[in-house]
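First the structure, in the form of structure tokens, and then the observations on it.
The values are calculated or read from the model by the stated rules, or taken from the named source; none is laboratory data. Please read these numbers as outputs of a predicted model, since none were measured by experiment. For neighbour counting, all protein chains shown are included, and Cβ atoms are generated from backbone atoms with ideal geometry for every residue, glycine included. The protein model used for the area step is the full one, side chains on, heavy atoms only, and it has no ligands, DNA or RNA in it. Shrake-Rupley method; radii C 1.70, N 1.55, O 1.52, S 1.80 Å.
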Amino acid sequence: MTALPRTVGIAGLGLMGASLARALRAADPAVSVVALEPREDVRARALADGVADEVLAAPGPALGRCNLAVLCTPVAAIEALLGPVSRLLPDGAILTDVGGAKERVVAEAGRAVRPGVSFVGAHPMFGGHGGYDAASAERWKGGTVAVCTDGDPAAVELVAALHAALGAVVVRCGASEHDDAVAIVSHLPYLVASALASAAKEAGPLAKRLAGPGLKDMTRLAAFPFDIQGEVARRNGHLPDASRRLERHLSRILAAISRSPEMAREALEEARIAREELF
């Protein structure tokens, strides 16, 4: 097993940050965690639960003990913390994150992260709901983490090794490649779910009474708060291309079902097979 850093900084003790802290402690109880969390009640719980050894309300000198720090806040806060956190880390430290859009964060890191600290963008593809209360040491196991290769190669490999040590499957890619891919598989589905929820609501009371598990499944992503998913989606410059791709396929399927049963069957069977290949 890859040796984990002796002291890790984690900014944000929501679902991802608290899960990361729990996963680190489960993998190696000797790992020391210095956390950064603005909510007083969560700070107290994290200390009481043994999730962290020290919990700061704002970036402070304790981060100077961290060889690695992970920004696990919403993406707007990640961008704001890049400079302040990096300035407190020791020379040779690595700063990374879990944000869902990478090009803008990587570019901002190039401007804000101090010399002597390496930044590596990363994105665990297994978020969710529930905050600190839903955090689990098992969350990383079997999940996929995209690690961006735009940074220092040695730092990239150390971040990849960290996620692999916690049980994740690591996919290396550039920040632009990442955002192009997640535009269609993550950010556009969020926008489609949001649009569908709005359209269903305005369809009237009968539509609401008849709505079942299918609509609930299709609109699940619309339940994410704006700060978690909306801020990420609006940072992805590849969304217009992804949207045009979806519009093209929707138009093709609508045309097929209006023309003949045979064409409808062919178009929808093709889509069914595509889903089977995806999952």
Complete set of residues in the range 208-229 that are farther than 15 Å from residue 129 by Cβ and open to solvent by less than 40 Å² (accessible area, probe 1.4 Å): 212
Residue check for residue 26: at pLDDT 95 or above, farther than 22 Å from residue 155 by Cα and open to solvent by 10 Å² or more (accessible area, probe 1.4 Å): yes
Residues of the range 23-47 that turn out to be among the aliphatic types (A, V, I, L, M), farther than 15 Å from residue 70 by Cα and either in contact (Cβ under 8 Å) with a residue 24 or more places away in the chain or outside any helix (DSSP H, G or I) (or both), as a count: 5
Cross-chain or 6+ apart pairs with Cβ under 6 Å, the range 260-279 first and of a type outside the set (D, E, K, R), then assigned to a helix (DSSP H, G or I): 263/256; 264/256; 264/257; 267/253; 267/256
Positions within the range 141-167 being touching a Pro at 6+ places or on another chain (Cβ under 7 Å) and either of a type in the set (Lys, Arg) or part of a loop (DSSP other than H, G, I, E, B) (or both), in sequence order: 143
Selection status of residue 148, under 19 Å from residue 235 (Cβ atoms) and in contact with a Gly (Cβ under 6 Å, 6 or more places away or on another chain): yes
Conditions (1) over 14 Å from the mean Cα position of the chain (by Cα); (2) of a type in the set (Val, Ile, Thr); (3) not in a helix (DSSP H, G or I): number failed by residue 170: (1)
Which numbered condition residue 66 fails, given (1) buried (at least 23 other Cβ atoms within 10 Å of the Cβ); (2) under 20 Å from residue 139 (Cα atoms): (2)
Close pairs (7 angstrom Cβ cut-off, 6 or more residues apart or separate chains): without any contact (Cβ under 8 Å) to a residue 24 or more places away in the chain in the range 148-177, assigned to a strand (DSSP E or B) and not hydroxyl-bearing (Ser, Thr, Tyr) anywhere: 160/147; 160/170; 160/172
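Is it fair to say residue 81 is under 19 Å from the mean Cα position of the chain (by Cα), open to solvent by less than 10 Å² (accessible area, probe 1.4 Å) and under 30 Å from residue 183 (Cβ atoms)?
no
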Filtered residue count, the range 103-118, keeping only those that are open to solvent by less than 40 Å² (accessible area, probe 1.4 Å) and over 25 Å from residue 238 (Cβ atoms): 2
Residue 192 vs. criteria under 16 Å from the mean Cα position of the chain (by Cα) and either modelled with pLDDT of 95 or more or surrounded by 18 or more Cβ atoms within 10 Å (Cβ to Cβ) (or both): no
All positions within the range 48-84 that are touching a strand residue (DSSP E or B) at 6+ places or on another chain (Cβ under 6 Å) and not in a loop (DSSP other than H, G, I, E, B): 54, 55, 56, 62, 63, 65, 68, 69, 70, 71, 78, 81
Pairs with Cβ under 8 Å, 6+ apart, first in the range 95-109 and in contact (Cβ under 8 Å) with a residue 12 or more places away in the chain and part of a helix (DSSP H, G or I), second open to solvent by 10 Å² or more (accessible area, probe 1.4 Å) and among the hydroxyl-bearing types (Ser, Thr, Tyr): 103/176
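Condition check ((1) of a type in the set (A, V, I, L, M); (2) open to solvent by less than 20 Å² (accessible area, probe 1.4 Å)) across all residues:
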{"site": "91", "(1), (2)": "no, no"}
{"site": "101", "(1), (2)": "yes, yes"}
{"site": "120", "(1), (2)": "yes, yes"}
{"site": "140", "(1), (2)": "no, yes"}
{"site": "149", "(1), (2)": "no, no"}
{"site": "164", "(1), (2)": "yes, no"}
{"site": "171", "(1), (2)": "yes, no"}
Selected residue (only one of 13, 20 is closer than 21 Å to residue 166 by Cβ, open to solvent by less than 20 Å² (accessible area, probe 1.4 Å) and part of a loop (DSSP other than H, G, I, E, B)): 13
